[in-house]
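Since every read-out is calculated from the coordinates, none of them should be taken as a lab result. Computed from a predicted structure; not experimentally measured. Methodologically, a virtual Cβ is constructed for each residue, glycine included, from the backbone with ideal geometry; neighbour enumeration extends over all protein chains shown.
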Amino acid sequence: MNSTTTTTHHHHRHQSRGGFVLGLSAYALWGVLPLYFKAIAAIAPFDIVAHRVLWSLPFLALLITVSRSWAKVRSVVGEPRTLGMLFITALLIGANWLLYVYAVNGGHMPAASFGYYLNPLANVLLGRFVLKERLNRLQWAAVAIAAVGISILAAGALSQLWISLTLCASFALYGLLRKVVAADAVTGLGIETAMLFPLALVWLMWRYSVGVPVMGTTSMLTP
């Protein structure tokens with residue numbers, strides 16, 4: 001094995017390990033978010049998601065500035081096909097956020113959790129049959145075991161299964177499209193958020209006009 005091959009091998013191992021850590025951290029953070037959503041349950045799910053979009057945009061703009069990625073943003077904006085794909089992913093992730101907050105604050109936490117438990121299996125299947133990635137026998141065995149476990153859980157959650165399946169499908173399709181779209185994570189998320197921003201702003205302005213408390217018009221503590 002020459003030095004170039006060894007370096008490439010180590011690079012792939014480092015990427016794989018880094019991806020695992022980032023994925024684990026993302027799911028851990030996503031797992032504790034219900035505690036926050038429960039604490040602000042008096043606020044409507046649409047309002048929570050709208051504020052999430054509203055305050056994410058300046059943060060992402062700062063992140064793009066710090067990473068000197070505005071050239072990438074301009075490049076993506078100049079590609080109608082890529083921009084169209086990001087518009088679809090923006091709708092998918094917005095719907096996913098909204099349903100997740102609704103499920104948590106509506107007392108459907110098991111259904112929400114089951115939806116994200118389904119997601120890794122859906123990602124594997126999309127990777128195999130859409131992206132044509134290969135699985136070895138051991139990996140197929142793991143998929144089969146997970147499928148059996150999921151089937152047992154699904155049998156006991158039929159009344160709220162639509163929540164689980166919708167969360168799983170929207171997030172899995174989002175991940176698939178973001179994998180094939182020509183935009184990195186920060187650039188893509190920044191553009192998606194910018195696309196959702198007008199909807200969020202109009203929603204909050206309308207809520208304010210009909211007398212519903214929004215940011216800046218009520219106490220920092222919710223009832």
If contacts are Cα pairs under 8 angstrom and at least 6 residues apart, what is the relative contact order of region 45-209 in percent?
48 percent
For region 7-99 the translational diffusion coefficient, Stokes-Einstein from a Kirkwood Rh over Cα pairs at 10 °C and viscosity 1.306 mPa s, in µm²/s, is roughly 97 µm²/s
Using θ = phi - 60° and Karplus 6.51 cos²θ - 1.76 cosθ + 1.60, couplings along region 81-86 (whole Hz; Gly, Pro as x):
5, 5, 5, x, 5, 5
Taking just the alpha-carbon atoms of the chain, what radius of gyration and Dmax come out, in angstrom?
20.1, 70
Within straight-line cross-link reach of Lys132, lysines at Cα separation under 21 Å, skipping those fewer than 8 residues along the same chain:
Lys179
Taking each pair of different alpha-carbon atoms in region 96-194 once, compute 1/r for the pair, average those values, and report the inverse of that mean as the Kirkwood hydrodynamic radius in Å to one decimal.
14.8 Å
Listed highest first by mean packing, meaning other Cβ atoms within 10 Å per residue, what order do 45-54, 58-67, 137-146 come in?
45-54, 58-67, 137-146
Helical mean residue ellipticity (222 nm; -39500 (n - 2.57) per DSSP H run of 4+; nearest 500) of the chain:
-28000 deg cm²/dmol
I'd like the FRET efficiency for Phe87 and Val32, computed as 1/(1 + (r/R0)^6) with the beta carbon distance as r and R0 of 35 Å, rounded to 0.05.
0.70
